[in-house]
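Just below is one structure, and these are the notes that go with it.
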Amino acid sequence: AGMSVPTAANIDTLSQHFPLCMQNLHQTLRANSHLKHLGRLQYTLFLKGIGLSLEECIIFWRRSFKLITDEKFNKEYRYNVRHAYGDVGGDANRRGRGYTPYSCQRILTEPLPGPGQSHGCPYRTFAPDNLISLLQKVGVSDRELLRGVKEDVGKQRYHIACNRVFEHAHRVEIKTVKDQGTLGAAQLDTIVHPNTYFKRSWMLKH
Ligand code: SF4
């Protein structure tokens, strides 16, 4: 099935296909009606990567920041979203294109989030117990799986933990496409980009 065009209104629904880093940002945004700069940038670029248009992305952020006025939004936040999309600012290379959505590598090597910040990869940035709580909150509760995740993160194999969760969440669909031979080996490679996680999840579930 073809991908329906993402809009500000269906991000909540689509977020079930997001990797943990983006689910964490989405939940934090919903809980606080706010996200700090680096989290906003990480999330904006991811949303751009799933095909959310600049117009819809601005609507998404405007509606999500429920506690501020239009004036404050326009003055402090709108420009950054446009900048990420390459609609304003940037050097000649970036003009018109904006910034590239971050890979896992990029996200995993950023400075750790400080108090109140939510960017980064939760497999790395969360203390193990908080990580398990976060996973349970997004519906990952299999004990064997959680044990595996704990082991992975203990060895600092963060993206392996993420792939383990993906494979478990999609095990039925992966088995089906493997049996049918409809998904090539390359399409089941280890995920190293949040946007690949989303795309693959969406594809397998549709
Ligand atoms: Fe996100 Fe990559 Fe971390 Fe998975 S491994 S949560 S996709 S940064």
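Quick notes on this one:
- Candidate set: segment 33-63, residues that are small (G, A, S) and outside any helix (DSSP H, G or I); chosen: the one least open to solvent (accessible area, probe 1.4 Å): S33
- Test for A84: is it buried (at least 19 other Cβ atoms within 10 Å of the Cβ) and in contact with an Asp or Glu (Cβ under 6 Å, 6 or more places away or on another chain): no
- For K66, the test of being charged (D, E, K, R) and part of a loop (DSSP other than H, G, I, E, B) is passed.
- Residues of segment 140-167 satisfying the condition of being among the small types (G, A, S) and free of Cβ contacts under 8 Å to residues at least 12 places away in the same chain: S141
- When segment 104-120 is filtered for residues that are of a type in the set (S, T, Y) and either loosely packed, with under 15 Cβ neighbours inside 10 Å or more than 15 Å from the ligand (Cβ to nearest atom) (or both), only T109 remains.
- Residue, farthest from N195 (Cα to Cα), within segment 1-27, restricted to residues that are open to solvent by 30 Å² or more (accessible area, probe 1.4 Å) and within 16 Å of the ligand (Cβ to nearest atom): Q27
- Cross-chain or 6+ apart pairs with Cβ under 7 Å, segment 6-26 first and without any contact (Cβ under 8 Å) to a residue 60 or more places away in the chain, then hydrophobic (A, V, I, L, M, F, W, C) and open to solvent by 10 Å² or more (accessible area, probe 1.4 Å): P6/L14; P6/I50; A8/I59
- Listing of helices (runs of 4 or more DSSP H) fully contained in segment 121-194 that carry 2 or more residues being under 19 Å from C104 (Cα atoms) and within 11 Å of the ligand (Cβ to nearest atom): 122-125, 128-137, 143-154, 158-169
The values are calculated or read from the model by the stated rules, or taken from the named source; none is laboratory data. Given the structure is predicted, the values throughout are model-derived calculations rather than measurements. Cβ coordinates were reconstructed from backbone atoms using ideal geometry, including for glycine residues, and neighbour counts include every protein chain displayed. Heads up: the accessible areas ignore ligands, DNA and RNA and are worked out on the full protein's heavy atoms, side chains in. Shrake-Rupley method; radii C 1.70, N 1.55, O 1.52, S 1.80 Å.
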